[in-house]
Amino acid sequence: MPISNPTSSRTITKKAVIVGLILVIINAYWVGIASELWYAVYTLVSPFSNAVFSLAVLLLVNAILKRYAKPLVFTPAELLLTYAMVTMVSTISGHAMMAILMGGLAHPFWFASPENEWTELFLHYIPSWLTVHQTDPLRGYYEGRSSIFLPDHLRAWLVPVLAWSGFILVLYSSLLCIGLILRKQWMEREKLSFPLTHLPIQMTMNSNFFKLKTLWIGFAISAVIRFVNGVHDIFPALPGFPANFRLDRFFTDKPWNAIGYSSMSFNLAIIGLTYFMPLDLAFSTWFFFWLTRAERVTASMVGVNIQDLHLNDRATGGWIGIAIIALWGARRHLSEFIGHLVGRFQVDDSREPFSFRTLMLITLLCIGLVFTFCYLAGMSLWAMAVFYLIFLMFALAIGRVRAELGPPYHEVIGINPRQMMVDLFGTRRLGVGNLTVISFLYAFNRCNRSHPMPNQVESLRIGERSKIPGFTLILALALAIGVGAFATFWSYLEVMYRYGLDRCHGAIGHFGWETFNPLQNWLQHPREVETGGVVFMGIGLGFVFFLQFLRSHFMWWPLHASGYVLSGASWGGLIYFWFPVMVSWLAKALILKFAGWQMHRKLEPFFLGLVLGDYIPRSILSILSFILNLYMPSSGAGHTL
């Protein structure tokens, strides 16, 4: 589908940034309360449904303004700027990050007891500014029927909220700076396709997009299913469409019961989004999903414990391998960047939002502030460096996979810097202070669904396509992160004090135990270096290099290294969505084989319609669930969407 309006007619106005910040605050609350009150996970799949819905609402408002108030009309660039800002706050709020952080932030002081010995083990290592230590202000937080706006509650939370908001700002900004360093390599030299930017760009920059019949056919199919299920939520006696079909419940005997969780999701939005993935990646993801299932069954058959397969360790090494491959591919660009900084030669940086020297100074400043926060919290310098390096490697890997191949879902549970550091160094060498701080940082890599890095580089791509001035885009993204972090904290506090953390339907109450039970276990039962885990990390790393070598030397080789890391772990990857990915892969393969590339292009609006027909009704049902105070699974509750 061609872009009929490739440039903006004027610069970005303050109006667009102000509207974007208003939407940031609204979405911080909306995503948070939906996640914790009804367990509606809007940031499970990218692009985020709440961001697409916010963009759709602005497009509707824009159509009205064109008729009655033309001077107030938003340009396509301004619309996409607000979309990028909403996307940024969505990487913070909700089930994928803030729920884990807020679930664990005050957990040690509320649940400390003589039985778990937390007071003796690690509470005295937690600085007073990092969280709330007093139990009285926490009573309403956990039990509800109170308000954050009481003076005692505000005093207790003000410093921790400011500290953590600032930390999120500098941590996410450091990734944004690194994305800017790699921007030219990924967008201009390698010309990565950024498949997940296709929908918002078409919505705003293709004036004929909403006139296409195929779009509305796809929209109608998804919307009918979603609205029928919404009616079923309100009137359970009426029939509804199933969200998924569990396969593993039929495998009850050995060795087949080792297959693990296996569910066929019927989500049409995933079918629409993965239509834009390359065929080899789509095939690789569901192939490796079933390969891991075959491994599990075979292990059970021969009497091997499933844990001895080290699926997570292999996937951990694989993700590190993807990051190394990305850096190796950018070696020439990085060499030129560093050479320019030290004055060996000049590189034209006039098209960049900042000069390379300014960008490097900002990057070092942000990383320095991240280290300062961690040092004041109690981490040692070497542990900070290792943690940030691993965090950065995961960020680069996920960002690269999204930019090149566009998988809409990339959950990787059990693969994070904390676990990797424990396996690599053992708990004794890390020490109590380091283990305590990295437990608080667990939220930033617990599942990686809404990781900031891929969304940031996609926002940079959107800015390039829509001609948003670079400095304006970076400033807007930074404002969205800073304001969004602060707004999200207060949104969560308002919700928790009103409903009570222990009374919420979401998983927030579980995350505190998931964060600190391992810490208690490591301190009571110290662990040495996990030699087996380290060996299997190396095997995963080598396997990714091997797959990359085969793809580089044999054009016919169908398996992609990114497909392995997306589906090779024991939990996550495509565990919820392998079936719609397989359906989309099959449909695309048949279309290309029997109808050709032109028909494939003509059907793109149909598959985008499947996405919009799912996202927009689901968002409307979410608002309706708040109005009716009714649990509505069709609004996106749970992981099957």
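What follows is calculated from the coordinates using simple rules that are stated; it is not laboratory data. Everything quoted here is computed from the prediction, not taken from an experiment. Neighbour counts run over all protein chains shown; Cβ positions are idealised from the backbone, glycine included.
What's the ranking of 66-73, 51-58 by average number of surrounding C-beta atoms within 10 Å, highest first?
Values: 66-73: 9.8, 51-58: 22.1.
Order by mean packing, descending: 51-58, 66-73.
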Could you grab the relative contact order for the chain? Cα pairs under 8 Å, six or more apart, rounded to a whole percent.
33 percent
Once you have the Cα-Cα distance between R145 and R249, take 0.36 nm times their residue separation minus that, and quote the gain in nm to one decimal.
33.4 nm
Can you compute the modelled spin-label distance between Q524 and W129, with each label point 7 Å from Cα toward Cβ, in nm?
3.3 nm
Can you compute 3J(HN,Hα) from phi for each residue in segment 182-189, using the Karplus curve 6.51 cos²θ - 1.76 cosθ + 1.60 with θ = phi - 60°, rounded to whole Hz and x for Gly and Pro?
8, 3, 5, 5, 6, 8, 9, 8
Please state the relative contact order of segment 1-120 as a whole percent: Cα pairs under 8 Å, 6+ residues apart?
37 percent
Would you work out if segment 314-366 is rounded, prolate or oblate? Take a ≥ b ≥ c from the square roots of the eigenvalues of the alpha-carbon gyration tensor; rounded if a/c is under 1.5, else prolate when a/b is larger than b/c, oblate otherwise.
prolate
Amide H of A40: which non-local residues (sequence gap of 5 or more, or other chain) have their own amide H closer than 5 Å, using H built in the peptide plane?
S35, G638
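In percent, how large is the relative contact order of segment 386-450, given Cα pairs closer than 8 Å and 6 or more residues apart?
Details: 40 pairs, mean separation 28.8, N = 65.
Computed value for segment 386-450: 44 percent relative contact order.
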Let me see the P(r) profile for segment 241-281: every Cα-Cα distance counted, bins of 10 Å, each bin given as a percent of all pairs.
25, 32, 31, 12
Backbone HN-Hα couplings from phi across segment 462-470 [Karplus 6.51/-1.76/1.60, Hz, Gly and Pro as x]:
4, x, 5, 5, 9, 6, 6, x, x
Please sort 328-340, 381-393, 276-288, 561-573 by packing, taking for each peptide the average over its residues of neighbouring beta carbons within 10 angstrom, highest first.
561-573, 276-288, 381-393, 328-340
Hey, can you grab everything whose amide H is under 5 Å from the amide H of S263? Only 5+ residues off in sequence or another chain; H modelled, so Pro and N-termini drop out.
L247
Please label the shape of segment 238-307 as rounded, prolate or oblate, based on the square roots a ≥ b ≥ c of the eigenvalues of the alpha-carbon gyration tensor (a/c under 1.5 means rounded; beyond that, a/b larger than b/c means prolate, else oblate).
oblate
Ratio of segment 26-172's C-alpha Rg to 2.2 N^0.38 Å, to two decimals?
1.36
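Using a Förster distance of 56 angstrom, determine the FRET efficiency expected from the C-beta separation of M555 and D152, and round it to 0.05. Could the numbers behind the result be given before it?
Working: r = 67 Å, r/R0 = 1.20.
That pair, M555 with D152, gives E of 0.25.
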Under 27 Å between alpha carbons: how many lysine pairs meet that in the chain, if sequence neighbours fewer than 8 apart on the same chain are excluded?
25
Theoretical FRET efficiency, 1/(1+(r/R0)^6), r = Cβ-Cβ of V224 and M599, R0 30 Å, to 0.05:
0.75
CD proxy at 222 nm, helix term only [per DSSP H run n ≥ 4: -39500 (n - 2.57); per residue of the chain; nearest 500]:
-22000 deg cm²/dmol
So how far apart, in nm, are the two label points at I623 and L590 if each is 7 Å from Cα heading toward Cβ?
3.7 nm
Test of understanding: what is the full-extension gain from E115 to L630, defined as 0.36 nm times their sequence separation minus their Cα-Cα distance?
181.5 nm
Tail fraction, Cα-Cα pairs, the chain, threshold 36 Å, whole percent
37 percent
Mind jotting down the distance between the C-alpha centroids of segment 114-134 and segment 378-443, whole Å?
23 Å
Apply the Karplus curve 6.51 cos²θ - 1.76 cosθ + 1.60, θ = phi - 60°, to the phi angles in segment 127-143 and return the couplings in whole Hz, x for Gly and Pro.
x, 5, 7, 7, 7, 8, 8, 6, 7, 4, x, 8, 4, x, 4, 8, 9
Final fewest-first order of I468, I259 on the 10 Å Cβ neighbour count is I259, I468
GluC sites (Glu not before Pro) within segment 99-207, DSSP loop, no more than 11 other Cβ atoms inside 10 Å
E115
Near the amide H of G573, under 5 Å away, which other amide H atoms are found, from residues 5 or more places off or on another chain, if H is placed in the peptide plane?
E411, V412, I413
Could you work out how far apart the two model spin labels at L279 and F235 are, taking each label as a point 7 Å from the Cα in the direction of the beta carbon, and quote it in nm?
4.6 nm
Full extension from R351 to K213: what is 0.36 nm times the residue separation minus their Cα-Cα distance, to one decimal in nm?
45.8 nm
So, by mean Cβ neighbours within 10 angstrom, what's the order for 408-418, 245-255 with the highest one leading?
408-418, 245-255
For segment 484-641, what value does the Rg/Rh ratio take when both radii are computed over Cα atoms and Rh is the Kirkwood radius, given to two decimals?
1.08
